[in-house]
Amino acid sequence: MATTGTAKCVLSSVLRSAATQLLQKGSKAEVSAPCFSCQRRRYAVETGVKKSTRLRKMLLSSELEFIMEAHSGISACIAEEAGFKGIWASGLSMATQLGVRDSNEASWTQVLEVLEFMNDACTVPILVDADTGYGNFNNARRLVRKLEDRGIAGAAVEDKLFPKTNSLLDGRAQPLADIKEFALKIQAMKDAQRDPDFNIVARVEALIAGWGVDEALKRADAYLAAGATAVLMHSKLSVPKEIDEFLKAWNNKGPVVIVPTTYYKTPMQHWRDQKVSMVIWANHSVRASVKAMQEVTAQIFKEQSTVGVEKNIATVKELFRLTKDDELKVAEDKYLPKA
C-alpha cells in the first residue's frame with residue numbers, strides 16, 4: 001500500500017510540473033484573455049465584431065439610436081427581424097411574462113436564464129435592465145461576470161434601493177441610493193468586467209423620486225466619472241419638461257439615454273436636436289402580446305371555436321420559421337445516418 005501511495009504522489013507531482021511548464025510556454029495573454037471566439041454566436045455576429053462593441057458604438061454615436069424591448073427568445077428574434085439594431089431586456093417585461101411583479105420577485109439567476117435564451121435567439125446586442133444590480137457592489141460585480149458569460153452587451157443599473165419599486169407606479173415611495181455608494185458600485189462593476197467594451201449605463205431616478213433636476217445633474221456627473229458608458233435619465237411625466245431641463249443643463253457632457261414611455265407624443269426630431277444618444281421602446285412588445293392574448297382567449301372562450309381568430313393569429317408554420325426549424329432539417333440530413 002505504501003508503494004502505491006508513493007507512486008500516486010510521484011505521478012501527481014509530475015503532472016503538476018508538466019502543467020506548469022505548459023503554462024510557462026504560453027504567453028500571459030493566451031492564459032488570461034477571455035475566450036470570445038469559443039462561443040462566437042453568443043459574443044459576435046458574422047463580422048466578428050463583439051456585441052458589446054456594437055452596443056458601445058450605438059451609445060456613443062452622433063446619430064439617435066433606437067433599441068426595442070424584448071422579454072423572451074421569440075420576442076428578441078421578432079425585434080431583430082423588424083430591423084432593430086439592439087434589444088432592451090426589460091425587467092418589467094421579463095417579470096410580467098414570468099407572472100410576477102417588477103419588484104425583484106424574479107431572482108437574478110432566473111433573469112439570467114431568460115437572457116441566455118434571448119441572446120442565443122438573436123444576433124444583435126442586448127442591454128439588460130439590471131434594476132439595482134440585485135444588491136450591493138458585490139452582487140453587482142458578480143452579475144457583470146455572469147452577463148459577460150452569456151454574451152450580454154451591457155447592463156443598465158438604477159440608483160434605487162434593493163428590492164426596487166417600478167418607476168411608473170403611482171403613489172409609491174422611490175428611495176434613492178447614496179450617490180457615493182452607487183458611484184462605487186459602478187466602479188466595482190467596471191473593475192469586474194473582463195471585456196473592455198462591456199457597457200454600464202447608469203440610470204438616474206432623481207426625477208422619478210421627485211428630487212429635481214439639480215439632484216439629477218449631480219448624480220449623472222458622479223456616475224459618468226465612476227466609469228459609466230452613458231446615463232439613462234428617467235421621467236414619468238406625460239410631457240418632457242424635466243428631461244428638457246436636464247439636457248439643457250447637461251450640455252452634452254456625455255451620452256444620454258431616454259425612455260419615452262409616458263411622453264411618447266414628443267417627436268423624435270426634438271431628441272435629435274438635443275443630441276440624445278438612444279431611445280428605448282421599453283415595454284411595448286409585452287404590452288402588445290398581453291392585449292392580443294386577452295382578446296384571442298376571450299373570443300375563443302365566448303365562441304367555443306377558433307374559426308373567428310385563425311385569420312388574426314400567426315400560423316404554426318410561422319412559429320417553425322421563427323425558431324429556425326429549417327436549420328434543424330439541414331443538420332439532421334448532415335449528422336443523422338441515412339436509413
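Table for the structure above
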quantity: Test: residue in the range 216-235 that is open to solvent by 10 Å² or more (accessible area, probe 1.4 Å), without any contact (Cβ under 8 Å) to a residue 12 or more places away in the chain and of a type outside the set (Gly, Ala, Ser); calculated: no
quantity: Lys253 vs. criteria out of contact with any Gly (no Cβ under 6 Å at 6 or more places or on another chain), of a type in the set (D, E, K, R) and in a loop (DSSP other than H, G, I, E, B); calculated: yes
quantity: Condition met for Arg142 (surrounded by 18 or more Cβ atoms within 10 Å (Cβ to Cβ) and of a type in the set (D, E, K, R)); calculated: no
quantity: Any hit, the range 34-57, residues being at pLDDT 95 or above and in contact with a Leu (Cβ under 9 Å, 6 or more places away or on another chain); calculated: yes
quantity: Residues that are of a type in the set (Gly, Ala, Ser), open to solvent by 20 Å² or more (accessible area, probe 1.4 Å) and modelled with pLDDT of 95 or more, drawn from the range 236-279; calculated: Ala249
quantity: Boolean, Leu115 is open to solvent by less than 10 Å² (accessible area, probe 1.4 Å) and either under 18 Å from the mean Cα position of the chain (by Cα) or in contact (Cβ under 8 Å) with a residue 12 or more places away in the chain (or both); calculated: yes
quantity: Meets criteria (in a loop (DSSP other than H, G, I, E, B), of a type in the set (Asp, Glu) and in contact with a Gly (Cβ under 6 Å, 6 or more places away or on another chain)) for Asp170; calculated: no
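The values are calculated or read from the model by the stated rules, or taken from the named source; none is laboratory data. Predicted model, so just to flag it, every value in this text is computed and none were measured. Neighbour counts are summed over all protein chains in view; Cβ atoms, including those assigned to glycine, are modelled from backbone coordinates with ideal geometry. When the accessible area is computed, the model is the full protein with side chains, heavy atoms only, and any ligands, DNA or RNA have been set aside. Shrake-Rupley method; radii C 1.70, N 1.55, O 1.52, S 1.80 Å.
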